[in-house]
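Colleague: Sending over a structure as structure tokens; questions will come in a sec.
Just so it is clear, none of the values below were taken in a lab; they were calculated from the coordinates. For clarity, every value in this text was computed on a predicted model and none was experimentally measured. Neighbour counts are summed over all protein chains in view; Cβ atoms, including those assigned to glycine, are modelled from backbone coordinates with ideal geometry.
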Amino acid sequence: MAQSKEQRVREMFAQIAPTYDLLNTLLSCNLHHGWRAAALRCARLRPGARVLDLATGTADFALAAARQVGDGGLVVGVDFCLPILRLGQTKVRRRVAARRGAARTIRLAAGSADHLPFPDDTFDAVIMGYALRNVPSIAACLAEMARVTRPGGWVVNLDLTRPVRRWLQPLYHLYQESVMPFVGGLISGRRSAYRYLPESIRGFPPPDRIAEECRRAGLEQVSWQPLSGGLATIHSGCKP
Ligand SMILES: C[S@@+](CC[C@H](N)C(=O)[O-])C[C@H]1O[C@@H](n2cnc3c(N)ncnc32)[C@H](O)[C@@H]1O
């Protein structure tokens with residue numbers, strides 16, 4: 001029987017989990033931390049806020065959010081892939097032991113993006129990094145993100161996209177077709193995962209369509225911001 005997209009994606013992340021952080025840094029030329037910082041500004045986090053980091057992976061976004069909400073806040077990271085979530089948990093524990101940031105406010109849990117185990121209006125902000133491309137239904141995922149956000153709270157999505165600057169497009173195409181699968185395959189041993197990565201970016205709807213989906217999910221003040229010439233894009237919207 002053919003595997004569902006959900007199963008394929010879960011298995012793929014389980015396989016590449018051990019080298020995920022290293023490859024994230026190498027393949028984004030270390031831009032991913034700055035992109036997350038820009039996305040967090042859109043989430044308008046205050047000290048004491050409750051945040052959901054959906055598809056948290058190795059918890060980098062959750063750790064960055066925890067620094068902003070401080071010791072009085074709460075950051076919940078949810079992911080459906082247990083091996084990558086365990087690596088996230090180890091990283092969080094190390095930060096707690098080293099007393100770095102506000103990592104002890106982080107709780108990690110298993111869960112799927114289109115069926116979140118939280119009541120309506122639970123979080124002040126819901127953030128997601130580099131995962132909307134991977135979910136089986138973008139509409140169902142955004143609807144869940146909006147559902148668990150409290151009225152007046154923000155939903156923020158950061159994902160990899162296609163460059164908007166024309167001169168960047170051929171270079172990026174070359175980079176995607178050769179560098180990504182080669183370097184990704186060499187380091188992770190899973191070349192197919194790093195062939196899926198450019199395919200998923202190409203298959204991701206353009207920013208105006210994602211913005212439309214955000215509005216359909218009930219969000220208002222929806223806007224998007226391309227980063228680094230469109231290599232990544234932030235979408236944000238407020239729950240009325
Ligand atoms: C590219 S990683 C991003 C991890 C993290 N957000 C970051 O900023 O580095 C994508 C993550 O999304 C998770 N994921 C993909 N589809 C999911 C789904 N339907 N429900 C929950 N998690 C999902 C994967 O397991 C993986 O950890």
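Colleague: From the residues 83, 64, 97, which one has its Cα farthest along the dipole of the stretch 34-106 in the positive direction, the dipole being from +1 and -1 charges on Cβ of Lys/Arg and Asp/Glu about the Cα centre?
Modeller: 97
Colleague: Which one, 99, 202, 50, has the greatest fluctuation when you compute a Gaussian network model over the chain with C-alpha springs under 10 angstrom?
Modeller: Comparing 99, 202, 50 in the GNM, the peak value goes to 99.
Colleague: Using only the Cα atoms of the chain, each taken as one equal point scatterer with no solvent, compute I(q) by the Debye sum, divide by I(0), and report log10 of the ratio at q = 0.09 Å⁻¹.
Modeller: Listed by q, the Debye log ratios stand at -0.35.
Colleague: For a label point 7 angstrom out from the Cα of residue 71 toward its Cβ, which stretches of the stretch 86-128 have the backbone nitrogen within less than 16 Å?
Modeller: 96-106
Colleague: Based only on other Cβ atoms within 10 Å, what is the fewest-to-most ordering of 128, 12?
Modeller: Arranged by neighbour count, lowest to highest, 128, 12 become 12, 128.
Colleague: Please compute the contact order of the chain in relative form: average sequence separation of alpha-carbon pairs under 8 Å and at least six residues apart, divided by the residue count, as a percent.
Modeller: That works out to 19 percent.
Colleague: Here is a further query. Count the DSSP beta bridges whose two residues both fall in the chain, then state the antiparallel fraction as a percent rounded to the nearest 5.
Modeller: So the antiparallel bridges in the chain amount to around 40 percent.
Colleague: Okay, moving on. In 10 Å bins starting at 0, how do the alpha-carbon pair distances of the stretch 100-240 split up by percent?
Modeller: Cα pair-distance distribution for the stretch 100-240, in percent: 11, 35, 31, 19, 3.
Colleague: Still on this structure: Within a 10 angstrom radius of the beta carbon, how do 115, 173, 32, 235 rank from fewest other beta carbons to most?
Modeller: By the 10 Å Cβ count, ascending, the order reads 115, 173, 32, 235.
Colleague: Continuing with the same structure: Springs between alpha-carbon pairs under 10 angstrom, Gaussian network model over the chain: which of 84, 187, 127 fluctuates most?
Modeller: The residue that fluctuates most here is 187.
Colleague: Hey, in the GNM for the chain with a 10 angstrom Cα cutoff, which one of 58, 122, 19 fluctuates hardest?
Modeller: Result: 19 has the largest fluctuation of those listed.
Colleague: Hey, got the dipole for the chain? About the Cα centre, +1 on K and R Cβ, -1 on D and E Cβ, debye to the nearest 20?
Modeller: Magnitude of the dipole: close to 640 debye.
Colleague: Fully extended, how many nm does the chain gain between residue 29 and residue 139 (0.36 nm per residue separation, minus their Cα-Cα distance)?
Modeller: Result: 36.5 nm gained on full extension.
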